[in-house]
Amino acid sequence: MTVRVGEADQAPSFQKAALPLLEDAQLRKNVRHATDVITYKRGIVVGETPDWQQLRTAGSAIKAHTLRYLNEYLVQFEKACTAAGGHVHWASDADEANRIIVGLVQQYGGNEVIKIKTMTSEEIGLNEALEREGIRAHETDLAEVIVQLGGDKSSHIVAPAIHKNRSQVRQIFRERMNLPDLTDDPEELTAAARRYLREKFLRVPIGICGANFLVANNGSVCIVESEGNGRMCLTLPKVLISIAGIEKTIPRFEDLEVFLQLLPRSATGERMNPYNSVWTGVREGDGPQHFHVVLLDNGRTGILADAEARQTLQCIRCGACLNTCPVYRQTGGHAYGSSYSGPIGAIVTPQLLQMREAQSLPYASSLCGACYEVCPVKINIPEVLIHLRGRVVREKKSALDPEALAMKTAAMIFTSRRRFEAAQRLGRIGQWPLVSHGWFRNLPGMLGNWTRVRDLRELPEQTFRAWWKERAKNGGPIEPSTPLRSARKIAQDTGHD
Amino acid sequence: MRVSLFITCYNDTLFPATGQAVVRLLERLGHAVEFDPEQTCCGQMHYNTGYQTEAMPLLRRFVDIYKDAEAVCVPSSSCVAMMRDHYPKMASEQTGLNRDPGLVRAVDELLPRVYELTELLVNRLGVEDVGAYFPHRVTYHASCHSQRSLHLGDGPLRLLRKVRGIDLVDLPNIDRCCGFGGTFAIKMGDVSAAMLAEKMKDVENTGAEVVTAVDTSCLMHIFGGLHRQRAGVRMAHIAEILAPTESDRLEEAEA
């Protein structure tokens, strides 16, 4: 099995990838503006929902339960879907999923497909795989059209072109749709997209979609969207192929009640998605006559095996954590080197890749907790980030890694009062070559990252503990008469000194 | 009340004035403050950076020092968050030869007595007006852990509003992360700088001369950036605003 997540295994570190993005004033303005707008709208529709916290708890519980019994629910889904005339395929990794889908398209004799936005297809690199076999994939989600025509990459799991503004979109449409007179009037832009897309909806007989939810008890698949392009792709083609991660399963149709409240509010700040499609297998004379679901593992069972990080798979891909994240806000999604960006991407991508690649991503967070606060299924992203950082550290090859050395030295210092106080004294004495007029302005090594944009006051004459000692000596309130703990005992317990 | 102070490693080493203000404030309110010099660090930096093994002895050390304390006061919300969010799990997941089966219970018994400074004042001691005097324009940054882990709400602001002479101005985007994030500021220096730039803009737009918070660490970052720009804004931990009184001022003027 070879797990692939787009080209994340070859992506530069987050730090490196962020640099050109931080330079891109237009992109940063676009991302700030768009995430602010969605976050504001979300705040309103969440605020008006009195049982929001109960809904989150319910969503989290349903997902946690499903993951616990995923093997059973998947088989249940397969049975129900098959009974309704669908075909279920199992893919252990990206390549297998691509082979299955390419095979199906060839079997039905197509060389073109229309697609609804699916992050899973970006994860497995489906468009490229189709392209290699001479099959042309047309994205139909407006943002995906912009990304595809612009030769770009999506930068947000809900709004893939969030980094582009209207005039940039106009430029792309002008060049790629051959419309030299197009203005940046939103109506004109959408009309152009509509003309471009309608022709494909009516002509191309094979549709490819993802899935927001796979309903185990009746084999239904649910997709929510805002533009109606999805409805077109789900109803007009003769053949429909859905690619879905195995974690998209929910037990019962009734469970949609919870998720269809959580998802639109979190994703787009809407009470309800404009288009909610739920279908079960095939029905003669109505919609696609051939329906296939490809259930994708691609590293998910590995995540499932890690009890502390398993909650990652509860994600319903709403993107709320991206919109609220102060880190994503600065860089946009391309810094994450994966189809999954933002806080959720920082935990999904490296885990799918078994922590062998994308090791910088768990560090792409200040652990501010805003993501956890908005997550509709209560994924404690900061907790998972910290857990994954632990895995990154444990897998560090070299004992001479400067960070590991610094951390181990600091730990040694902190486990002994004597060493801690010696380090404080040493810092005070040894700091002079680096101090200028009472300030550090240019620290060496890793700490130089601090002083590149920040000053740091020099170490004071007197530490707090030295002040306290002096105060006690001068008759101030003295140290506890019976020390709460003797130094010797602590040293024994901690195995130091 | 007998208050045991956990000053935190960075306040001890870099910001003794914060600790001095805490002592002054609590003693002025009639409480006995104790400081055990065996204390060092809560282990947050190690734990959050992925060095969880290295944080474990620091948990043990903290529990050993404070297990008999009546109340532990910590003038840093992120250190308290470290304890509340992670100590129970760390204790229950101990492995190896040093495993201490009593630690889980010890942590559970100790944590309810550990308070961030403003929590101690507002929630435990039930005081909002501490009799302070601070005649300056101040803006308050709600640090991430104080909001989203400790849920301090408007506790710190209620304390500040009662300060005499203060000109308290709202900070726009008050709860947006300043970009410090511990080792994040070093490891992701450029992104951290971008986040800092936004925070500095918000602080400067208030026209405040003092930016305050319940965490000196965030302030070190925000103020470090402002100082680099010679912005003319200084930092003060909330204790340094709550400690001084009007009579202190008179004494200082006469001296």
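The values are calculated or read from the model by the stated rules, or taken from the named source; none is laboratory data. Quick caveat: nothing in here was measured; it's all calculated off a predicted structure. Here Cβ is always computed from backbone atoms with ideal geometry, including for glycine, and neighbour counts include all displayed protein chains.
State which residue pairs qualify: first residue at the interface with chain B (Cβ under 7 Å from one of its Cβ atoms) and closer than 19 Å to A:Leu426 by Cα and inside segment A:443-459, second residue part of a loop (DSSP other than H, G, I, E, B) and not aromatic (Phe, Trp, Tyr) in any location, beta carbons under 6 Å apart, and separation of 6 or more residues or different chains.
These pairs meet every condition: A:Leu459/A:Gln431.
For segment B:218-235, name all the residues that are more than 10 Å from chain A (Cβ to nearest Cβ), free of Cβ contacts under 8 Å to residues at least 40 places away in the same chain and among the hydrophobic types (A, V, I, L, M, F, W, C).
B:Ala231, B:Val233, listed by residue number.
Can you tell me which residue is surrounded by the fewest Cβ atoms within 10 Å (Cβ to Cβ) among those in segment B:45-65 that are within 7 Å of chain A (Cβ to nearest Cβ) and within 16 Å of B:Ser4 (Cα to Cα)?
B:Asp64
Give me a count of the residues in segment A:6-16 that are more than 12 Å from every other protein chain (Cβ to nearest Cβ) and within 16 Å of A:Ser155 (Cβ to Cβ).
Looking only at that region, the number is 5.
In segment A:226-261, which residues are among the hydrophobic types (A, V, I, L, M, F, W, C) and under 26 Å from A:Asp93 (Cβ atoms)?
A:Cys233, A:Val239, A:Leu240, A:Ile241, A:Ile243, A:Ala244, A:Ile246, A:Ile250 - these are the residues of segment A:226-261 that are among the hydrophobic types (A, V, I, L, M, F, W, C) and under 26 Å from A:Asp93 (Cβ atoms).
Mind checking which residues of segment B:21-30 are in contact (Cβ under 8 Å) with a residue 12 or more places away in the chain and either at the interface with chain A (Cβ under 8 Å from one of its Cβ atoms) or in contact with a helix residue (DSSP H, G or I) (Cβ under 9 Å, 6 or more places away or on another chain) (or both)?
Restricting attention to segment B:21-30, the residues satisfying the condition of being in contact (Cβ under 8 Å) with a residue 12 or more places away in the chain are B:21-26, B:28-29.
B:Ala21, B:Val22, B:Val23, B:Arg24, B:Leu25, B:Leu26, B:Leu29, listed by residue number.
Give B:Asp108, B:Asp85 a once-over and let me know the one that is more than 7 Å from every other protein chain (Cβ to nearest Cβ), within 19 Å of the chain's Cα centre (by Cα) and closer than 21 Å to A:Glu383 by Cα.
Sole residue among the options that is more than 7 Å from every other protein chain (Cβ to nearest Cβ), within 19 Å of the chain's Cα centre (by Cα) and closer than 21 Å to A:Glu383 by Cα: B:Asp85.
Counting only residues that are in contact with a Leu (Cβ under 9 Å, 6 or more places away or on another chain) and in contact (Cβ under 8 Å) with a residue 60 or more places away in the chain, which one in segment A:360-371 is surrounded by the most Cβ atoms within 10 Å (Cβ to Cβ)?
Selected residue: A:Leu361.
Here are some residues: A:Asp297, A:Asp306. Which one is of a type in the set (D, E, K, R) and surrounded by fewer than 20 Cβ atoms within 10 Å (Cβ to Cβ)?
Unique residue meeting the criteria: A:Asp306.
With respect to B:Glu109, determine if the residue is within 27 Å of B:Phe184 (Cα to Cα) and surrounded by fewer than 16 Cβ atoms within 10 Å (Cβ to Cβ).
no
For segment A:17-45, which positions are more than 14 Å from A:Gly319 (Cβ to Cβ) and more than 14 Å from chain B (Cβ to nearest Cβ)?
A:Gln26, A:Asn30, A:Ile44, A:Val45
For segment A:144-154, name all the residues that are under 18 Å from the mean Cα position of the chain (by Cα) and either small (Gly, Ala, Ser) or not in a loop (DSSP other than H, G, I, E, B) (or both).
The answer is A:Glu144, A:Ser154.
Looking at this structure, is B:His136 at pLDDT 95 or above, at negative phi and buried (at least 17 other Cβ atoms within 10 Å of the Cβ)?
no
Since B:Cys42 meets every condition but one in (1) within 7 Å of chain A (Cβ to nearest Cβ); (2) assigned to a loop (DSSP other than H, G, I, E, B), which condition does it not meet?
(1)
Just to verify a result, which residue in segment B:66-75, among those that are over 21 Å from B:His145 (Cα atoms) and touching a residue at least 60 places away in the same chain (Cβ under 8 Å), is farthest from the other protein chains (Cβ to nearest Cβ)?
Only one residue fits best here, namely B:Glu70.
Can you pull out the residues in segment B:144-203 that are surrounded by 17 or more Cβ atoms within 10 Å (Cβ to Cβ), over 20 Å from the mean Cα position of the chain (by Cα) and part of a loop (DSSP other than H, G, I, E, B)?
Selection gives B:Ile166, B:Met188.
Are any residues in segment A:382-403 farther than 19 Å from A:Glu357 by Cα and of a type outside the set (D, E, K, R), and if so, which ones?
A:Pro382, A:Ala399, A:Leu400, A:Pro402
Wholly within segment A:161-250, which helices (runs of 4 or more DSSP H) include no fewer than the required count, namely at least 2 residues that are surrounded by 23 or more Cβ atoms within 10 Å (Cβ to Cβ)? Working first, answer last.
Values: elements: A:166-176, A:186-203, A:229-235.
Of the helices (runs of 4 or more DSSP H) lying wholly inside segment A:161-250, those with at least 2 residues that are surrounded by 23 or more Cβ atoms within 10 Å (Cβ to Cβ) span A:229-235.
Consider A:Gln10 carefully, then state whether it is closer than 24 Å to A:Ala346 by Cβ, at pLDDT below 95 and within 24 Å of the chain's Cα centre (by Cα). Write out each step before concluding.
Working: closer than 24 Å to A:Ala346 by Cβ: yes; at pLDDT below 95: yes; within 24 Å of the chain's Cα centre (by Cα): yes.
Taking the combined requirement at face value, the residue satisfies it.
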